[in-house]
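Chemist: Quick one: structure below, then a few questions.
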Amino acid sequence: MNKTGVLKMKKKALVVTAALSLVLVAAGCGSNNKSDNTKAQNGNKAAANVSASGNAGGEVKKVVIGTGTGFPQVCFIDENGKLTGFDVELIREIDKHLPQYEFDIQTMEFSNLLLSLETNKIDLVAHEMEKNPEREAKYLFNTVPYAHWRNKIIVPKDNDTIHSLDDLAGKKVLASATSAQAQILENYNKDHDKKINIVYQNGAANDTVSQITSGRVDATLAADFTLSLIDPQAKLKTTGDTLTEADILFLLRKNDPASQELSDAVDGALKELKADGTLGKLSTEWLGGDFTEDSAK
């Protein structure tokens, strides 16, 4: 073979090598694009929900939210079988503001919520949880309230004899186990010889009216705004002075760094929702008024 033939063969080999290199590069780019697309798809929530409360990067952490289904207008199943209510829709709004988290709402009996939190089955309780010393000793509360409660005695509309806790001594009073209202009654019994007969309720809140009007119990305790929710036909009334009042917050595990981080993030989202009016609108829509602030402040 002459010199010209050798040069032609070398040139042909170079062309083939270059072509193969281009194919490999193209294949490599395709692989990288697929990976980037997958990451982009996984990060769609973060990209769509960037706010002052979070950022668009990093891993999205799943958070299990515990709530109930028996509290009218707060957390309940509507006529279409959908879980909704003030606390539920607020949690959904908070989730939109926190791209670093993905909320998974789980429902259970109210009396099981605190135990589920303690045993790591859920990460946050959303069920109009009143802040009181007993709970504060065991659990972490976020710091920005989303409602404010004033607890009162509730009796039949025609009752004119009950006006205070002393008037309830020796009578049957309905309360949900582990509730703030049950704690008020239990604390009264600790300090008095004549006890209130606490009837712990396991059923839904809408059973309260029938229990009181039928005479199975004499009264119950509840937050001021709940009467119209559980008693739309106005068969009951509040009586006496406010027994206690407190901020309503979310409950998390105490002495847990991840819970503290979540609590701080939730506070940031709540500040945004208060500032843009969303929180007040949700309260008015579901509770019949803006119960998001302490009017005394």
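The values are calculated or read from the model by the stated rules, or taken from the named source; none is laboratory data. What you see is a predicted model; the values in this text were computed from it and never measured. Accessible surface areas use protein heavy atoms only, side chains included; no ligands, DNA or RNA. Shrake-Rupley method; radii C 1.70, N 1.55, O 1.52, S 1.80 Å.
Chemist: For a quick check: with amide H placed at 1.01 Å from N, whose amide H comes under 5 Å from K254's, ignoring anything fewer than 5 positions away on the same chain?
Modeler: Those lying under 5 Å, H to H, from K254 are L140.
Chemist: So what is the accessible area of region 139-198 per residue, in Å², with the probe set to 1.4 Å?
Modeler: So region 139-198 comes to 44 Å² accessible per residue, rounded to a whole number.
Chemist: Would you pull out the residues with amide H under 5 Å of Q106's amide H, same chain only if 5 or more places away, H placed 1.01 Å from N?
Modeler: I65, G66, T67
Chemist: Hey, another quick one. Based on alpha-carbon centroids, what's the gap between region 156-188 and region 70-128 in Å, whole number please?
Modeler: Rounded to whole Å, the Cα centres lie 28 Å apart.
Chemist: Holding the Cα-Cα limit at 28 Å, pick out from K237/K281; K96/K235; K152/K281 the pairs that are longer than that.
Modeler: K96/K235
Chemist: In addition: Spelling out what I want: for every residue of region 229-238, take phi, set θ = phi - 60°, compute 6.51 cos²θ - 1.76 cosθ + 1.60 (Karplus), and round to whole Hz; glycine and proline get x.
Modeler: In residue order, the calculated couplings are 6, 8, 9, x, 8, 6, 8, 10, 8, 8 Hz.
Chemist: Remind me, relative contact order of region 56-174 in percent, using alpha carbon pairs under 8 angstrom and six or more residues apart?
Modeler: Relative contact order comes out at 27 percent.
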